[in-house]
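Asker: One structure coming up, written as structure tokens, with questions to follow.
The values are calculated or read from the model by the stated rules, or taken from the named source; none is laboratory data. Just so you know, these numbers come straight off a predicted model, no measurement behind them. In this analysis, Cβ positions are derived from the backbone assuming ideal geometry, glycine residues included, and neighbour counts consider all displayed protein chains. Just the protein is used for accessible areas: all its heavy atoms, side chains included, with ligands, DNA and RNA removed. Shrake-Rupley method; radii C 1.70, N 1.55, O 1.52, S 1.80 Å.
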Amino acid sequence: MSFLDIILLAIGVSMDAFAVSICKGLSLQKIRPVHVMKTGLWFGGFQALMPLVGYFLGVSFTGFVASVDHWIAFILLGIIGGNMIKESSHRDDTCEVSPDFSARSMFPLAVATSIDALAIGVSFAFLKVDIWTAVLLIGICTAMFSGVGVLIGRYFGHRWKSKAEFAGGFILIAMGLKILLEHTLGA
């Protein structure tokens, strides 16, 4: 997996956190820098942690599935991307997120938006990705998108939420297809 592939994957996987960050911004009357920083740290931190956990889980059984690893990566990325696209098409534009930035409020959101990254980490184990570079890029990308998402949510509203989820889903499906084609066609 190339550096560009990892960046594109980082952008795709960060879109759930971006969409939730937009909702956090919508919930605020006034934005303070601490809102942007907390959102970036919570979401970026968990988006970096989960693929690392998934990677170490995946490494433990890569020998058993080496002959079908590209199919596993394709299926995982396809399912995650498909779910993101499906969520983007829901016409329910309400954001049911509170303006609370405490750990009690942010922890469940950070976990919920990073579950997909756990599965991506498992696929990283099969693809022999430099995990440290990947988790660093995913964490930084997610932190940046999340911080910007709070600002966009406050100033631009619902217009970007579904577009972000759709774009993220499309990127993940494209990456899964690219992995499958590279392994099956020998490209």
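Asker: Beyond a 27 Å Cα-Cα separation, which of these cross-linked pairs lie in this structure: 86/178; 30/86; 86/128; 24/163?
Answerer: Check vs 27 Å cut-off fails for 30/86; 86/128.
Asker: Further question on the same structure: Hey, got the dipole for the chain? About the Cα centre, +1 on K and R Cβ, -1 on D and E Cβ, debye to the nearest 20?
Answerer: Approximately 600 debye in magnitude.
Asker: How large, in percent, is the carbon and sulfur part of the accessible surface of the chain at a probe radius of 1.4 Å?
Answerer: C and S atoms contribute 71 percent here.
Asker: With unit charges on the beta carbon (Lys/Arg positive, Asp/Glu negative), name the residue among 83, 150, 167 whose Cα is farthest towards the positive pole of the charge dipole of the chain.
Answerer: Farthest along the dipole direction, towards plus: 150.
Asker: Run lengths n ≥ 4 of DSSP H only: what is the helix-derived mean residue ellipticity at 222 nm for the chain, with -39500 (n - 2.57) per run over all residues, to the nearest 500?
Answerer: My calculation for the chain gives -28000 deg cm²/dmol from helical runs alone.
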